[in-house]
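Here the structure is laid out as structure tokens; the discussion comes afterwards.
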Amino acid sequence: MPGRRAGILALSALAPAIWGTTYLVTTELLPPGRPLLAAVVRALPAGLVLVLVTRCLPRGIWWWRALVLGALNIGAFFALLFIAAYRLPGGVAATVGAIQPLLVAVLASGFLGERLTPRTAIAAVTGVAGVSLLVLRADARLDGMGVAAAAGGAAVMATGVVLSKRWSSTAPLLATTGWQLVAGGLLLLPVALLVEGLPPAAPTAANLAGYAYLAVIGSALAYTLWFRGIRALSPTHVAFLGLLSPLVATALGWLVLGQGLGPVQALGGLVVLASLVAAQTSRRTVRTSRRTAAAEAGGSVPPPPIATSPPATEPSSSPASEATPFR
């Protein structure tokens with residue numbers, strides 16, 4: 001129903017809006033030079049809490065699926081984001097990362113049977129242009145490795161978004177979110193220790209408040225809303241919501257930090273919003289009505305049909321076959 005879809009879309013939009021506050025929290029509350037520590041603290045404690053609350057563990061193929069999804073959506077994405085942030089100005093990294101909706105649309109056409117329409121492609125390119133107007137500066141320098149890392153970050157998360165839809169689980173949403181956060185956090189932990197060393201011995205009250213915000217709001221809440229949106233809606237439509245992150249970050253920089261906001265940045269913000277509206281109002285075309293019904297209902301999504309042979313299927317699984325409660 002349109003009303004239900006709009007509600008899920010609005011809640012899903014809260015996730016990238018929350019992620020847009022990360023820059024402000026990091027610069028104002030966290031110790032400098034510790035982005036990987038912040039990434040681990042964002043992911044691992046939040047994931048462990050969600051797993052403990054739901055008392056569900058993966059089972060069968062979901063052990064390796066949770067590891068793959070956690071690596072793509074959390075671990076590899078944060079690591080590449082860290083490299084891009086250190087080697088590129090923030091505006092360049094954000095502009096390169098804005099290609100993610102287009103990548104999701106292309107991958108969804110191949111793996112989920114969604115048709116890549118000209119309207120969606122134009123909206124995606126327009127979104128990149130809007131983000132560049134919003135955050136890119138004329139004196140921005142380019143670094144080959146930094147650009148590759150930013151593009152790689154967009155690619156791995158786009159892949160994670162599409163696979164999260166294709167492998168939609170019937171286990172509780174909080175549990176599957178927790179699995180991914182734990183997997184991503186565990187992958188990041190040795191990298192953080194190797195690159196940044198041990199955490200500071202005596203974090204301040206501001207540091208603890210910042211870490212708590214990132215773990216509870218920035219991860220446990222935001223990723224639950226994000227994955228709920230992916231379960232229920234087209235992943236392409238959800239991916240476009242990611243453009244809200246640089247928009248929120250720029251607005252907070254202006255409102256809270258007193259950073260400049262000129263006519264060009266204002267125009268960029270309007271272009272971003274226009275691309276979001278265009279993407280969300282475009283007509284989705286899916287190969288089978290059964291897949292569309294399953295996606296809208298938030299249920300498990302079957303593999304797409306293959307034209308040359310009967311569709312590959314897996315045995316239907318109940319929540320008990322994908323997750324097992326703590327004994």
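The values are calculated or read from the model by the stated rules, or taken from the named source; none is laboratory data. Small disclaimer: the values here were computed from a predicted structure and weren't measured. Glycine also receives a Cβ, built like all others from the backbone with ideal geometry; neighbour counts cover every protein chain displayed. These area figures cover heavy atoms from the full protein model, side chains too; ligands, DNA and RNA do not enter into them. Shrake-Rupley method; radii C 1.70, N 1.55, O 1.52, S 1.80 Å.
Values computed for the structure shown
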quantity	calculated
Number of positions in region 130-150 that are surrounded by fewer than 17 Cβ atoms within 10 Å (Cβ to Cβ) and assigned to a helix (DSSP H, G or I)	3
Region 91-105, residues that are crowded, with 21+ Cβ neighbours inside 10 Å and either modelled with pLDDT under 95 or outside any helix (DSSP H, G or I) (or both)	Val92, Ala93, Ala94, Thr95, Val96, Gly97, Ala98
Filter result for Ala84 (in contact (Cβ under 8 Å) with a residue 60 or more places away in the chain and farther than 21 Å from Thr176 by Cβ)	yes
Contacts under 9 angstrom Cβ, first residue in region 141-166 being hydroxyl-bearing (Ser, Thr, Tyr), partner open to solvent by 20 Å² or more (accessible area, probe 1.4 Å), 6 or more apart	Thr159/Leu72; Thr159/Leu103; Thr159/Leu107; Ser164/Leu72; Ser164/Arg231
Single residue of Leu186, Leu241 found to be of a type in the set (A, V, I, L, M, F, W, C), modelled with pLDDT of 95 or more and farther than 20 Å from Leu80 by Cβ	Leu241
Qualifying residue in region 57-80 (condition: more than 22 Å from Ile230 (Cα to Cα), of a type in the set (A, V, I, L, M, F, W, C) and either out of contact with any Gly (no Cβ under 6 Å at 6 or more places or on another chain) or open to solvent by 60 Å² or more (accessible area, probe 1.4 Å) (or both))	yes
Scope region 106-120; condition modelled with pLDDT under 95, part of a helix (DSSP H, G or I) and of a type in the set (A, V, I, L, M, F, W, C); matching residues	Phe111
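Here is a yes/no grid of residues against (1) closer than 20 Å to Ile83 by Cα; (2) part of a helix (DSSP H, G or I); (3) touching a residue at least 12 places away in the same chain (Cβ under 8 Å):
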position: Arg5; (1), (2), (3): no, yes, yes
position: Leu9; (1), (2), (3): no, yes, yes
position: Leu14; (1), (2), (3): no, yes, yes
position: Ala17; (1), (2), (3): no, yes, yes
position: Tyr23; (1), (2), (3): yes, yes, yes
position: Leu36; (1), (2), (3): yes, yes, yes
position: Ala43; (1), (2), (3): yes, yes, yes
position: Ala46; (1), (2), (3): no, yes, yes
position: Leu57; (1), (2), (3): no, no, yes
